[in-house]
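The values are calculated or read from the model by the stated rules, or taken from the named source; none is laboratory data. Values in this document were obtained by computation on a predicted structure and should not be read as measured data. When we count neighbours, we look across all protein chains shown, and the Cβ atoms used for this are built from the backbone with ideal geometry, even at glycine.
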Amino acid sequence: MLISLRNIKKSYLFGKVRIDVLRGFDLDVESGDFVAIMGPSGSGKSTLLNIIGCLDRQTSGKYFFEGIDIAERTDNELAELRNKKFGFVFQTFNLLPRYSAFKNVELPMIYSSIPQVKREERTVEVLRKVGILERKDHTPAELSGGEQQRVAIARALVMHPTVILADEPTGNLDSRAGLEIMKIFSQLNEEGITIILVTHEMAVAETAKRIITIKDGVCFNGCY
């Protein structure tokens, strides 16, 4: 099992008020799966994705990734895990505005001290894979929303992730651009990358192999 969550709970304290976001969430994800997470606003979808991607820790419960108990890992170990195993794609693209598409994609490899020649080869490879290589010298302001999201996907791919986590990846796109982005995700999944995405659009969710629903902080259906 690639990902296994058992009785995951997550609470936040605001002053003396405790907000329970996840209330005992269970989920299994096999390697090569393509999972869409749906649920009403405030149901804990993004919180769940952050926990899976080791951007946040659960309050209680067990999370195993490739058999590793995540709770036993230090912050530095989790940072290394994020860098090597996860690629992140966000609704707002999160590209650096002063950098070209090429530089935005290359950046994670610079932080990992990968030699320049290998960085350049891999950057060209992933930009070509998502169909945006011809725009490599353009900054985000010079790209359409769909093009920016392609760059963001290329950046997510550049470190050869096992899993891509996407939070509302079509939320800022028109229907045509959104469809093109989902075709890219489907292609990547066919190549063996596990994909977990959050969406509120049924048309997007139906691209996935499995749809799970969060309701009141628990997995309502499709959990296993």
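Selection of first residues in segment 97-116 that are touching a residue at least 40 places away in the same chain (Cβ under 8 Å) and more than 15 Å from residue 82 (Cα to Cα) and of second residues that are among the small types (Gly, Ala, Ser) and assigned to a helix (DSSP H, G or I), restricted to Cβ pairs under 7 Å at least 6 apart or on distinct chains, gives the following pairs, ordered by first then second residue: 97/141; 105/154. Counting the residues of segment 114-138 that are buried (at least 17 other Cβ atoms within 10 Å of the Cβ), within 23 Å of the chain's Cα centre (by Cα), within 23 Å of residue 91 (Cα to Cα) and of a type outside the set (A, V, I, L, M, F, W, C) gives 3. What do you reckon, is residue 170 crowded, with 23+ Cβ neighbours inside 10 Å, touching a residue at least 24 places away in the same chain (Cβ under 8 Å) and not hydrophobic (A, V, I, L, M, F, W, C)? It is true that residue 170 is crowded, with 23+ Cβ neighbours inside 10 Å, touching a residue at least 24 places away in the same chain (Cβ under 8 Å) and not hydrophobic (A, V, I, L, M, F, W, C).
Select from segment 72-103 the residues that are among the small types (Gly, Ala, Ser) and under 11 Å from residue 148 (Cα atoms) and write down the one among them that is surrounded by the fewest Cβ atoms within 10 Å (Cβ to Cβ).
Just the residues of segment 72-103 that are among the small types (Gly, Ala, Ser), to begin with: 79, 87, 100-101.
The next check asks that each one be under 11 Å from residue 148 (Cα atoms); those that pass are 100-101.
On the way: 100: 19, 101: 28.
Checked segment 72-103; the qualifying residue surrounded by the fewest Cβ atoms within 10 Å (Cβ to Cβ) is 100.
Against the definition (modelled with pLDDT under 95 and either charged (D, E, K, R) or closer than 18 Å to residue 71 by Cβ (or both)), how does residue 16 come out, yes or no? So residue 16 fits the description; yes.
I'd like the full set of residues that are among the aliphatic types (A, V, I, L, M), surrounded by 13 or more Cβ atoms within 10 Å (Cβ to Cβ) and more than 24 Å from residue 192 (Cα to Cα), limited to segment 1-46. Give the derivation first.
Within segment 1-46, the subset among the aliphatic types (A, V, I, L, M) is 1-3, 5, 8, 13, 17, 19, 21-22, 27, 29, 35-38.
When the remaining residues are screened for being surrounded by 13 or more Cβ atoms within 10 Å (Cβ to Cβ), the result is 2-3, 5, 8, 21-22, 27, 29, 35-38.
Hits for segment 1-46 are 8, 21, 22.
In segment 133-224, which helices (runs of 4 or more DSSP H) lie fully inside it and hold 1 or more residues that are at pLDDT below 95? Working first, answer last.
Numbers: elements: 145-157, 175-190, 202-205.
The qualifying helices (runs of 4 or more DSSP H) are 175-190, 202-205.
Just a yes or no: is a residue in segment 148-158 surrounded by fewer than 22 Cβ atoms within 10 Å (Cβ to Cβ) and not aromatic (Phe, Trp, Tyr)? Within segment 148-158 (the criterion being surrounded by fewer than 22 Cβ atoms within 10 Å (Cβ to Cβ) and not aromatic (Phe, Trp, Tyr)), the answer is no, since none of the residues qualifies. Looking at segment 113-132, which of its residues are of a type in the set (Val, Ile, Thr) and in a helix (DSSP H, G or I)? Matches in segment 113-132: 117, 123, 124, 126.
Evaluating residue 43 against the criteria (1) more than 26 Å from residue 210 (Cβ to Cβ); (2) modelled with pLDDT under 95; (3) polar (S, T, N, Q) leaves one unmet condition, (1).
Considering each of 79, 152 in turn, give the residue that is among the hydrophobic types (A, V, I, L, M, F, W, C) and in contact with a Cys (Cβ under 9 Å, 6 or more places away or on another chain). First the steps, then the outcome.
On the way: 152 fails: in contact with a Cys (Cβ under 9 Å, 6 or more places away or on another chain).
The unique qualifying residue is 79.
Could you list, in sequence order, the residues of segment 79-112 that are over 24 Å from residue 66 (Cβ atoms) and not hydrophobic (A, V, I, L, M, F, W, C)? Once the filter is applied, which keeps residues that are over 24 Å from residue 66 (Cβ atoms) and not hydrophobic (A, V, I, L, M, F, W, C), segment 79-112 yields 91, 92, 94, 97, 98, 99, 100, 103, 104, 106. Could you tell me whether any residue of segment 176-187 is under 24 Å from residue 96 (Cα atoms), free of Cβ contacts under 8 Å to residues at least 24 places away in the same chain and surrounded by fewer than 14 Cβ atoms within 10 Å (Cβ to Cβ)? So far as segment 176-187 goes, no, none of its residues is under 24 Å from residue 96 (Cα atoms), free of Cβ contacts under 8 Å to residues at least 24 places away in the same chain and surrounded by fewer than 14 Cβ atoms within 10 Å (Cβ to Cβ).
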